[in-house]
Each structure stands twice: as structure tokens, then as C-alpha cells.
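Heads up, the thing below is written out as C-alpha cells.
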Ligand code: DGL
């Protein structure tokens, strides 16, 4: 394969549902010449309540498809899958593509910007109970004290289209008032669904707590990796391609909302 052909390979992104679209949208804005292949594993959503073994099995199946699509990068645009399956996926993919997760860029940012301070984390049960953020932050020895809270209702609530209404407001308020998050100076949105409720979270804290949205940080990180690998596309070769493991009208409506046009969803069941 020539260098030019390598650069023209698409970028694969996956999540359990619409959460990864927050990252895909940031990538599209930051790297408009990159062609995206997106997989939403709507048949198995939410990932946050699944076992590590189940998420690993889904992730490997999805990567098999993304490799068949010749992706140069596979971005696990889901914190739960990044926590449960990143190492395994890297082994599975080997040298066929470069695997990235959504946790490392955020941890690097926190270590730089909030050293010696108290930082909160909200995410799914899988993400929070895996302690992956805590371990990675401790490895950087930056004196950040991490206070975490699992907020399992948020992703399904958002997936159902409940954001910016009174129901989401009351769920968010209840979670964020939990004493587990007392005294934090910044809050990591440790789930790719949460940028969709970022404004409500910011309103709760009335700008007294920095709300850290990973999508921008991850998009910039993808750009840096592409440059380092000399793999950045020079021209856009095609529209984004969307796969779902189960067709849902709400996913289609969300993709249209994100990309401002009608999108075609290809149904690709992971298991026949
Ligand atoms: N968006 C995913 C995450 O970042 C998972 C939400 C879910 O399916 O539970 O963790």
C-alpha cells in the first residue's frame, strides 16, 4: 500500500449508541478531511451495566467489521468500552490499525491543568467501578484527588432523548448533589453521552466547577496521532458511513441532529 493509500483509509469510531457521535462530531469539525465509519452497538446498549467479558466480546466483533472497512484508526468512543476492552482490542487489532481510547487524553489534560487539586468523575458503573481513571491518574503522580460517582441512569436517559427537560434536570441534580462529589474543582464527564447534558451540568454548578468534556480533547488527540503517524488524509473521499447493530428510530433522529442531514444507517447485526 502506498503512503497516499494509507492516508486515505477511513477512521473507525464506535460506541454503544449515540454517545460516540459527540466525539465523531468534534472529529468532523477538527479534521474535516477524514472519512468516518461509525458503529453504534444499539442492540447491546447500555454498555455501562454489562460485564467486562460481554463488552470485550462486542468490541472485538465491532473491530472485526472496522478492520474489514480498512480503518487506519479505531477510536473506542465509549468510556465503558475503553475501560473494559482497550487492552484486548489493541491485541486483537495488532498492527492492522492504531487503537485509541477516550480516557487517556482526558487524564493527560487533568494531570496538566488540575495537578494537586480535587477532581470529580461521573460515568457508568463499568467505567467508575473499573477504577481506570484513578489508576491512570495515579500513574502520572500529579497529586490529583479523584472523587467518583457512578451515574447509571444518565446514558439511557440521554439515549431516549431526555436532555434539556425537567426529568433530566431532576436526575442530574440528584446525582450531582451526592456527597461523594463534595469539594470538587472540576468534573470529568466520563461518558461520551454526557456532553449532551453539559449545559445542565454547568448550570447546576453555576460556573464554580470546570466541566470537562472529552470530545474536544479526544478530537485534538486523534489529529496529533494522525500527524505523528503521517497518516492524515489530504482530501475527503466520502460521506460518513453509519452502522447499527439494531435499527432504532431514535438513533437515526440523533445522527441527523448531529450531522444536520439525513443519514443512511446500515443494519449490521453482530451475531447472525
Ligand atoms: N457512551 C458510553 C460511555 O462513554 C456508554 C454508555 C452506555 O452504553 O452505558 O461510557
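Bear in mind that the values in this text are calculations on the coordinates, not laboratory data. In this text the structure is predicted, and so the values were computed from the model without any measurement. Methodologically, a virtual Cβ is constructed for each residue, glycine included, from the backbone with ideal geometry; neighbour enumeration extends over all protein chains shown.
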Kindly state, as a whole number, the per residue volume in cubic angstrom of the convex hull around the alpha carbon atoms of the range 43-176.
126
Nearest-ten-degree value, helix 52-68 long axis tilted from longest Cα axis of the chain:
30
Which residue fluctuates the most in the chain, going by a Gaussian network model with Cα springs under 10 Å, if the choices are 216, 199, 252?
199
Note the per residue figure in Å³ for the convex hull of the C-alpha positions in the range 84-155.
100
Put a dot 7 Å past each Cα toward the Cβ at residue 170 and residue 125; how far apart are the dots in nm?
2.3
Roughly how tilted is helix 104-113, in degrees to the nearest 10 and between 0 and 90, from the longest Cα axis of the chain?
40
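When only Cα pairs under 8 Å and 6 or more residues apart are kept, what is the percent relative contact order across the chain? Could you put the intermediate results ahead of the total?
Working: 505 pairs, mean separation 73.3, N = 272.
Relative contact order comes out at 27 percent.
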Long-range share for the range 118-159, i.e. C-alpha pairs more than 11 Å apart as a percent of all pairs, stands at 65
Dividing the mean separation of Cα pairs under 8 Å (6+ apart) by the residue count of the range 116-271 yields a relative contact order in percent of 21
Along principal axes, Cα extents of the chain, largest first, whole Å
54, 41, 34
Between residue 91 and residue 249, what FRET efficiency comes out of the Förster formula 1/(1 + (r/R0)^6) with R0 = 41 Å and r the beta carbon distance, rounded to 0.05?
0.65
Based on the Cβ-Cβ distance of residue 113 and residue 230, what FRET efficiency does E = 1/(1 + (r/R0)^6) give at R0 = 25 Å, to the nearest 0.05?
0.30
Relative to the first principal axis of the alpha-carbon coordinates of the chain, what is the inclination of helix 249-259, with its axis defined by its Cα atoms, in degrees from 0 to 90 and to the nearest 10?
90
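Only helical DSSP H runs with n ≥ 4 go in: add -39500 (n - 2.57) per run for the chain, normalise by residue count and round the 222 nm mean residue ellipticity to 500 deg cm²/dmol.
Values: 12 runs with 124 residues, N = 272.
Mean residue ellipticity at 222 nm (helix-derived): -13500 deg cm²/dmol.
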Where q = 0.12 Å⁻¹, what log10 of I(q)/I(0) comes from the Debye formula for the range 155-226, counting one point per Cα?
-0.36
Apply the Kirkwood formula to the range 175-267: the hydrodynamic radius equals the inverse of the mean of 1/r over all pairs of different alpha-carbon atoms; give it in Å with one decimal.
16.6
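Roughly how large, in nm² to one decimal, is the mean projection of the convex hull of the alpha-carbon atoms in the range 216-272?
Numbers: hull surface 23.4 nm².
Its Cα hull, projected and averaged over all orientations, spans 5.8 nm².
What does the C-alpha gyration tensor say about the overall shape of the range 1-83? Classify as rounded when a/c is under 1.5, otherwise prolate if a/b is larger than b/c, or oblate. Write down the numbers at each step before the final one.
Details: a/c = 2.82, a/b = 1.62, b/c = 1.74.
Since a/c reaches 1.5 but b/c is at least a/b, the shape of the range 1-83 is classed as oblate.
Starting from the Cα coordinates of the range 38-120, work out the convex hull volume and express it per residue in Å³.
Details: hull volume 9.3 nm³, N = 83.
So the per-residue Cα hull volume is 112 Å³.
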Compute the distance in nm between two label points, each set 7 Å from the Cα along the Cα-to-Cβ direction, one at residue 271 and one at residue 180.
3.0
Among 178, 207, which comes first, second and so on when ranked by fewest other beta-carbon atoms within 10 Å?
207, 178
